[in-house]
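Engineer: Please read through the structure below; I'll follow up with questions.
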Amino acid sequence: MANQLAAVLGTGQTHYVAKRHDVSMAGLVREAIDRAMEDARVGWDDIDAVVIGKAPDLFEGSMMPELAMSDALGANGKPLLRVHTAGSVGGSTAVVASSLVKSGVHKRVLTVAWEKQSESNAMWALSTPIPFHMPVGAGAGGYFAPHVRSYIRRSGAPDHIGAMVAVKDRLNGSLNPYAHLKQPDITLESVQASQMLWDPIRYDETCPSSDGACAMVIGNEEAAGQVTTDGREVAWIHATAMRTEPTTFAGRDQVNPQAGRDAAAALWQAAGIKDPLDEIDVAEIYVPFSWFEPMWLENLGFVSEGEGWKLTEAGETAIGGRLPLNASGGVLSSNPIGASGMIRFAESAMQVMHRAGDHQVKDARKALGHAYGGGSQYFSMWVVGSDRPNN
């Protein structure tokens, strides 16, 4: 039964907003689950296992909520597995779910990730006091701003690159019905005039705090065949990769982390991709602060070190460019942290299934989904395609 092909059969998302006071956590996840199952045209009897992911429990002040949610998740009497790899968890959860299908253990797996940040405070949760944690005290932005400054110094990137990314992603988000932030009138000047939060990261170059959930149904070749027989497309999973490194060690490069480079190299090799910039049609990468677009372009091997910002500046990462990045609006437009990685994976699948609506990239046949987490130490990614993989 081993070495099955696996494919995304359907995806589902909630609308992402600052506060969902109208539903419980269970109600929130069911919105995404119901939409994913409807998209995949499956019922509960078709689901063999459930794999869930969410960020640290302090992010919403509920310890191990899955203990009370097995019923809402449709997991009663079925295997239920929770994954946790900090901010990359949505991606890691999808990788784990796909591995259960690829290995032949299950025919169809439902995977869902979520966050209800309005019920706690992520800034507080990320500022755990000494001796339990390194002194950060300013949440993710305070932690990552020095890395951005290092990138600018090393690459010689001009100051406006971050603002360019913010404009692109928020304009893309205005095309996405699920996006939290919609700013169709955003301009380079308005971003540059927004408040400085963590030098050089300005307010409009920063992700929001969102409530929301994302789900996918992943199935084997037989399950995929039942979808394609109906004349609908699936997103074949060509390759997956995950890599990890410690938060701190002597000589660590936090601008271009080794774990990210290793994960990308393994992914491209497994997918049979020689030139990712030429062969990937669209990518959804985890960019919570705008400067991470050029940084991750280099880390993922699309361009050589110091060249990422040039691709951004040339407009090549916009819809219609050589490598459209975050056509959905990305993390800069919607950020339910536990789900943010899975949204990248689901959106990449939607692109190659040609179900992305107004933010569909024309002729997208092969896509990258990417997530990172922790102190840029956990990486998860996959390549999905309209065509069955050769391997």
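Engineer: Take the stretch 247-276 and flag every residue that is more than 23 Å from G142 (Cβ to Cβ), touching a helix residue (DSSP H, G or I) at 6+ places or on another chain (Cβ under 8 Å) and in contact (Cβ under 8 Å) with a residue 12 or more places away in the chain.
Structural biologist: Scanning the stretch 247-276 gives R261, A264, W268, I273, P276.
Engineer: Can you spot a residue in the stretch 152-159 that is modelled with pLDDT of 95 or more and farther than 27 Å from T247 by Cα? Write out each step before concluding.
Structural biologist: Step one: of the stretch 152-159, the residues modelled with pLDDT of 95 or more are 152-159.
Of the ones still in play, those that are also farther than 27 Å from T247 by Cα are 158-159.
Yes, the stretch 152-159 contains at least one residue that is modelled with pLDDT of 95 or more and farther than 27 Å from T247 by Cα.
Engineer: With (1) assigned to a loop (DSSP other than H, G, I, E, B); (2) open to solvent by 10 Å² or more (accessible area, probe 1.4 Å); (3) within 23 Å of A271 (Cβ to Cβ) as the list, and L323 as the residue in question, which single condition is left unmet?
Structural biologist: (2)
Engineer: With the condition kept exactly as written, say whether any residue in the stretch 293-301 is assigned to a helix (DSSP H, G or I), out of contact with any Cys (no Cβ under 8 Å at 6 or more places or on another chain), polar (S, T, N, Q) and open to solvent by 70 Å² or more (accessible area, probe 1.4 Å).
Structural biologist: So in the stretch 293-301, the residues assigned to a helix (DSSP H, G or I) come out as 293-299.
Filter once more, keeping what is out of contact with any Cys (no Cβ under 8 Å at 6 or more places or on another chain): 293-299.
Pick out the ones that are also polar (S, T, N, Q) and you get 299.
Checking which are open to solvent by 70 Å² or more (accessible area, probe 1.4 Å) leaves us with none.
The answer is no; no qualifying residue exists.
Engineer: For the stretch 144-162, which residues satisfy the criterion of being assigned to a helix (DSSP H, G or I) and open to solvent by 40 Å² or more (accessible area, probe 1.4 Å)?
Structural biologist: First pass over the stretch 144-162, keeping only residues assigned to a helix (DSSP H, G or I): 144-155, 161-162.
The answer is P146, R149, R153, R154.
Engineer: Oh, and also: If you scan the stretch 97-133, which residues turn out to be open to solvent by 10 Å² or more (accessible area, probe 1.4 Å) and either under 17 Å from L81 (Cα atoms) or modelled with pLDDT of 95 or more (or both)?
Structural biologist: Those that are open to solvent by 10 Å² or more (accessible area, probe 1.4 Å) and either under 17 Å from L81 (Cα atoms) or modelled with pLDDT of 95 or more (or both): S99, L100, K102, S103, G104, V105, H106, K107, R108.
Engineer: Go over the candidates D253, D262 one by one and state the one that is open to solvent by 30 Å² or more (accessible area, probe 1.4 Å) and not in a loop (DSSP other than H, G, I, E, B). Can you show your working first?
Structural biologist: Working: D253 fails: not in a loop (DSSP other than H, G, I, E, B).
Just a single option satisfies the conditions, and that option is D262.
Engineer: Answer yes if at least one residue in the stretch 44-62 is of a type in the set (K, R) and under 25 Å from L332 (Cβ atoms), and no otherwise. First the steps, then the outcome.
Structural biologist: First pass over the stretch 44-62, keeping only residues of a type in the set (K, R): 54.
Now drop any that are not under 25 Å from L332 (Cβ atoms), which leaves 54.
Yes - at least one qualifying residue is present in the stretch 44-62.
Engineer: Check G43, G104, G74, G27 and return the single one that is free of Cβ contacts under 8 Å to residues at least 60 places away in the same chain and on the phi > 0 side of the Ramachandran plot.
Structural biologist: Working: G43 fails: on the phi > 0 side of the Ramachandran plot; G104 fails: free of Cβ contacts under 8 Å to residues at least 60 places away in the same chain; G27 fails: on the phi > 0 side of the Ramachandran plot.
Every option except G74 fails the conditions.
Engineer: Of all residues in the stretch 48-70 being closer than 12 Å to A26 by Cβ and free of Cβ contacts under 8 Å to residues at least 40 places away in the same chain, which is surrounded by the fewest Cβ atoms within 10 Å (Cβ to Cβ)?
Structural biologist: Checked the stretch 48-70; the qualifying residue surrounded by the fewest Cβ atoms within 10 Å (Cβ to Cβ) is L67.
The values are calculated or read from the model by the stated rules, or taken from the named source; none is laboratory data. It should be emphasised that the depicted structure is a prediction, and the values quoted were computed from it without experimental measurement. Please note: Cβ atoms are built from the backbone with ideal geometry, for glycine as well, and neighbour counts cover all protein chains shown. Calculation scope for accessible area: heavy atoms of the full protein, side chains included, ligands and nucleic acids excluded. Shrake-Rupley method; radii C 1.70, N 1.55, O 1.52, S 1.80 Å.
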